[in-house]
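**Q** I have a structure here, written as structure tokens, and I will follow up with some questions on it.
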Amino acid sequence: MSHLLEINSVYKSFGKRQVLENIDFNLQTGEILGIFGRNGSGKSTLLKLIFGTLTANHIQIKFDSETITSEEIIPRQLIAYLPQDSFLPKGTKVRDIIPLFCDEEEKQNKVFYAPGVSKFTNTKVGQLSLGELRYLEMLLVGSLDHPFMMLDEPFTMLEPLYKELVKEYLLKLKSTKGIIITDHYYRDVMDITTSNFLLKDGNKIEISEPMDLVNNGYLTST
């Protein structure tokens, strides 16, 4: 079943600093949206405003044309969110973590038997490499039934092998989900996105190709 997420009139300031000004976008299941921006441009802030863990000066959210509040996102299980910071208990083995997120055997098996996972199922979370940890977290968040998913820097610290696995996984997931990705690894993001925009000086700039990132000062010409 197809779903539509509409985000409109997002304003956020910290003191006198306006971080986001009248940001809006739409996302359907079957689409992957990439959001770029320098550190401090408001990428993570935007995701937190949508998810409801940060209060906006103003935001309008619609799910399938129904106006909802950020506070409804979590209880109604509309958007799954992968934050930058790790959220898994470090002293627990991976094999014991997976059932906590996946209540059905079929979902558990999809994570257990995902490429590359078998080699660290008996490892404690705190002993995983940063790449393994990020990959595991992404698989767990992706296994949830939420129709939309937001990923904050999913490619950061990933080894090249895991990057390719993540891209393949997200391309499969988009058949049933709408996905938002923020990351500085713009090539990896643009390999799989259906649309992109840049946050700069609080505003949204549509991005169609890497050269647009150069022309708008996000990348150097080299």
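**Q** Being farther than 28 Å from Tyr135 by Cβ and out of contact with any strand residue (DSSP E or B) (no Cβ under 9 Å at 6 or more places or on another chain) narrows it down to one residue among Lys62, Lys16, Lys12; which is it?
**A** Lys16
**Q** Going by the conditions given, is Tyr186 in contact (Cβ under 8 Å) with a residue 40 or more places away in the chain, within 20 Å of Pro154 (Cα to Cα), in contact with a Pro (Cβ under 9 Å, 6 or more places away or on another chain) and of a type outside the set (A, V, I, L, M)? Please lay out each step first, then the result.
**A** Working: in contact (Cβ under 8 Å) with a residue 40 or more places away in the chain: yes; within 20 Å of Pro154 (Cα to Cα): yes; in contact with a Pro (Cβ under 9 Å, 6 or more places away or on another chain): yes; of a type outside the set (A, V, I, L, M): yes.
So Tyr186 passes the test.
**Q** Name the pairs: first residue in the range 90-118 and over 23 Å from Glu168 (Cα atoms), second residue of a type in the set (Gly, Ala, Ser) and in a helix (DSSP H, G or I), Cβ to Cβ under 7 Å, at least 6 apart or on different chains?
**A** Lys90/Gly126; Gly91/Gly126
**Q** So, in the range 72-96, exactly how many residues are small (Gly, Ala, Ser), over 18 Å from Leu46 (Cα atoms) and surrounded by 11 or more Cβ atoms within 10 Å (Cβ to Cβ)?
**A** Here is the first cut: in the range 72-96, the residues small (Gly, Ala, Ser) are 80, 86, 91.
Keeping just the survivors that are over 18 Å from Leu46 (Cα atoms) gives 86, 91.
Then keep just the ones that are surrounded by 11 or more Cβ atoms within 10 Å (Cβ to Cβ); that gives 86.
Final tally of qualifying residues: 1.
**Q** Would you mention how many residues in the range 101-132 are more than 30 Å from Glu6 (Cβ to Cβ) and touching a helix residue (DSSP H, G or I) at 6+ places or on another chain (Cβ under 7 Å)?
**A** 15
**Q** Oh, and also: Taking the range 119-151 as the region of interest, how many residues are in contact with a Pro (Cβ under 8 Å, 6 or more places away or on another chain) and either of a type outside the set (A, V, I, L, M) or free of Cβ contacts under 8 Å to residues at least 12 places away in the same chain (or both)? Lay out the reasoning, then the answer.
**A** Quick first cut of the range 119-151, residues in contact with a Pro (Cβ under 8 Å, 6 or more places away or on another chain) only: 125, 134, 138.
From what's left, either of a type outside the set (A, V, I, L, M) or free of Cβ contacts under 8 Å to residues at least 12 places away in the same chain (or both): 134.
Matching residues across the range 119-151 total 1.
**Q** Mind counting the residues in the range 7-28 that are surrounded by fewer than 18 Cβ atoms within 10 Å (Cβ to Cβ) and of a type outside the set (Phe, Trp, Tyr)? Give the steps one after another, and end with the answer.
**A** Filtering the range 7-28 down to residues surrounded by fewer than 18 Cβ atoms within 10 Å (Cβ to Cβ) leaves 8-9, 11, 13-18, 21-22, 24-26, 28.
If we keep only those that are of a type outside the set (Phe, Trp, Tyr) as well, we get 8-9, 13, 15-18, 21-22, 24, 26, 28.
Going through the range 7-28 one residue at a time, the tally reaches 12.
**Q** Now for a different question. Would a scan of the range 21-40 turn up a residue that is closer than 18 Å to Leu144 by Cβ and out of contact with any Lys or Arg (no Cβ under 8 Å at 6 or more places or on another chain)?
**A** Within the range 21-40, one or more residues are closer than 18 Å to Leu144 by Cβ and out of contact with any Lys or Arg (no Cβ under 8 Å at 6 or more places or on another chain).
**Q** So the check is Cβ under 6 Å with 6+ separation or different chains; which pairs have a first residue in the range 4-18 that's basic (Lys, Arg) and a second one that's assigned to a strand (DSSP E or B) and modelled with pLDDT of 95 or more?
**A** Lys12/Val19; Lys12/Leu20
**Q** Hey, another quick one. Determine if the range 77-85 includes at least one residue that is assigned to a strand (DSSP E or B), touching a His at 6+ places or on another chain (Cβ under 8 Å) and not hydrophobic (A, V, I, L, M, F, W, C). Break it down stepwise before answering.
**A** Step one: list which residues in the range 77-85 are assigned to a strand (DSSP E or B), which gives 79-82.
The next check asks that each one be touching a His at 6+ places or on another chain (Cβ under 8 Å); those that pass are 79-80.
Still in the running and not hydrophobic (A, V, I, L, M, F, W, C): none.
So far as the range 77-85 goes, no, none of its residues is assigned to a strand (DSSP E or B), touching a His at 6+ places or on another chain (Cβ under 8 Å) and not hydrophobic (A, V, I, L, M, F, W, C).
**Q** For the range 181-222, give me the residue count where each residue is among the aliphatic types (A, V, I, L, M), assigned to a helix (DSSP H, G or I) and surrounded by 15 or more Cβ atoms within 10 Å (Cβ to Cβ).
**A** Step one: filter the range 181-222 for residues among the aliphatic types (A, V, I, L, M), giving 181, 189-190, 192, 198-199, 205, 207, 211, 213-214, 219.
Right, trim to assigned to a helix (DSSP H, G or I) and you get 189-190, 211, 213-214.
Adding the requirement that they be surrounded by 15 or more Cβ atoms within 10 Å (Cβ to Cβ) leaves 189-190, 213.
Qualifying residue count, the range 181-222: 3.
**Q** Among helices (runs of 4 or more DSSP H) lying entirely in the range 97-180, which contain 3 or more residues that are at pLDDT below 95, touching a Leu at 6+ places or on another chain (Cβ under 8 Å) and surrounded by 15 or more Cβ atoms within 10 Å (Cβ to Cβ)?
**A** Details: elements: 105-112, 130-142, 160-173.
Those helices (runs of 4 or more DSSP H) span 130-142.
**Q** Turning to a different aspect of this structure: Suppose we keep only residues that are in contact with a Phe, Trp or Tyr (Cβ under 9 Å, 6 or more places away or on another chain) and surrounded by 15 or more Cβ atoms within 10 Å (Cβ to Cβ) within the range 58-71. Which one would you say is modelled with the lowest pLDDT? I'd like the intermediate steps shown before the answer.
**A** Taking the range 58-71 as the starting set, the residues that turn out to be in contact with a Phe, Trp or Tyr (Cβ under 9 Å, 6 or more places away or on another chain) are 58-59, 63, 70.
Cutting the leftovers down to surrounded by 15 or more Cβ atoms within 10 Å (Cβ to Cβ) gives us 59, 63, 70.
Working: Ile59: 97, Phe63: 98, Ser70: 92.
So, considering only residues that are in contact with a Phe, Trp or Tyr (Cβ under 9 Å, 6 or more places away or on another chain) and surrounded by 15 or more Cβ atoms within 10 Å (Cβ to Cβ), the one modelled with the lowest pLDDT is Ser70.
**Q** Right, here's the next one. In this structure, is Ser221 out of contact with any Ser or Thr (no Cβ under 9 Å at 6 or more places or on another chain) and either of a type in the set (S, T, N, Q) or modelled with pLDDT of 95 or more (or both)?
**A** Numbers: out of contact with any Ser or Thr (no Cβ under 9 Å at 6 or more places or on another chain): yes; either of a type in the set (S, T, N, Q) or modelled with pLDDT of 95 or more (or both): yes.
Taking the combined requirement at face value, the residue satisfies it.
The values are calculated or read from the model by the stated rules, or taken from the named source; none is laboratory data. Just so it is clear, the model here is predicted, and its values are computed rather than measured. A quick note on method: Cβ atoms are made from the backbone with ideal geometry, for glycine too, and the neighbour counts reach across all protein chains shown.
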